[in-house]
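The values are calculated or read from the model by the stated rules, or taken from the named source; none is laboratory data. Keep in mind that what you see is a predicted model, and the values were worked out from it rather than measured. Cβ coordinates were reconstructed from backbone atoms using ideal geometry, including for glycine residues, and neighbour counts include every protein chain displayed.
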């Protein structure tokens with residue numbers, strides 16, 4: 001399954017500050033249904049593209065939706081940061 005969407009980059013402060021794309025609840029529900037059996041500890045392995053940068057990561061579940069981690073290398077390569085709205089292409093990773 002593949003999805004194309006736009007989302008805002010938000011900060012979530014846990015043990016260290018991280019930036020994520022906030023995925024809306026309806027799309028998160030679609031991803032969860034498609035990823036059934038692929039989840040591990042609630043996370044879903046994906047390949048994402050922001051701008052010209054493609055990277056692998058895992059979606060984090062948070063309050064009924066998923067958050068897409070935006071690696072520092074992606075932030076620098078694409079010149080994006082907290083508060084920016086970015087276009088994302090997302091695909092499930094069936095092999096890890």
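Being under 12 Å from the mean Cα position of the chain (by Cα), in a helix (DSSP H, G or I) and either surrounded by 16 or more Cβ atoms within 10 Å (Cβ to Cβ) or on the phi < 0 side of the Ramachandran plot (or both) is the requirement here; does residue 28 meet it? Against the criterion (under 12 Å from the mean Cα position of the chain (by Cα), in a helix (DSSP H, G or I) and either surrounded by 16 or more Cβ atoms within 10 Å (Cβ to Cβ) or on the phi < 0 side of the Ramachandran plot (or both)), residue 28 qualifies.
Of all residues in region 81-96, those that are farther than 16 Å from residue 8 by Cα and either part of a strand (DSSP E or B) or within 12 Å of the chain's Cα centre (by Cα) (or both) total 2. Quickly run through region 63-77 and pick out the residues that are under 12 Å from residue 21 (Cβ atoms) and surrounded by fewer than 17 Cβ atoms within 10 Å (Cβ to Cβ). Within region 63-77, just 71 meets the criteria. Taking region 65-80 as the range and being under 14 Å from the mean Cα position of the chain (by Cα) and farther than 11 Å from residue 7 by Cβ as the test, the residues that pass are 69, 71, 72, 74, 75. Residues of region 1-22 that are in contact with a helix residue (DSSP H, G or I) (Cβ under 7 Å, 6 or more places away or on another chain) and in a loop (DSSP other than H, G, I, E, B): 1 alone. Could you list, in sequence order, the residues of region 40-75 that are part of a loop (DSSP other than H, G, I, E, B) and out of contact with any helix residue (DSSP H, G or I) (no Cβ under 6 Å at 6 or more places or on another chain)? Selection gives 41, 42, 52, 63, 70, 71. Every condition in (1) farther than 19 Å from residue 95 by Cα; (2) touching a residue at least 60 places away in the same chain (Cβ under 8 Å); (3) over 12 Å from the mean Cα position of the chain (by Cα); (4) surrounded by fewer than 16 Cβ atoms within 10 Å (Cβ to Cβ) is met by residue 6 except one, and the failing one is (3). Among residues of region 40-67 that are on the phi > 0 side of the Ramachandran plot and in contact (Cβ under 8 Å) with a residue 24 or more places away in the chain, those with a Cβ under 9 angstrom from a residue that is exposed (fewer than 14 other Cβ atoms within 10 Å of the Cβ) and in a loop (DSSP other than H, G, I, E, B), sequence gap 6+ or separate chain, pair up as 51/79. Residue count for region 37-49 satisfying the condition of being at pLDDT 95 or above and closer than 17 Å to residue 24 by Cα: 2. Close contacts from region 17-38, counting a first residue that is over 12 Å from residue 62 (Cα atoms) and a second that is assigned to a helix (DSSP H, G or I) and at pLDDT 90 or above, with Cβ to Cβ under 8 Å and a gap of 6+ residues or different chains, come to 19/75.
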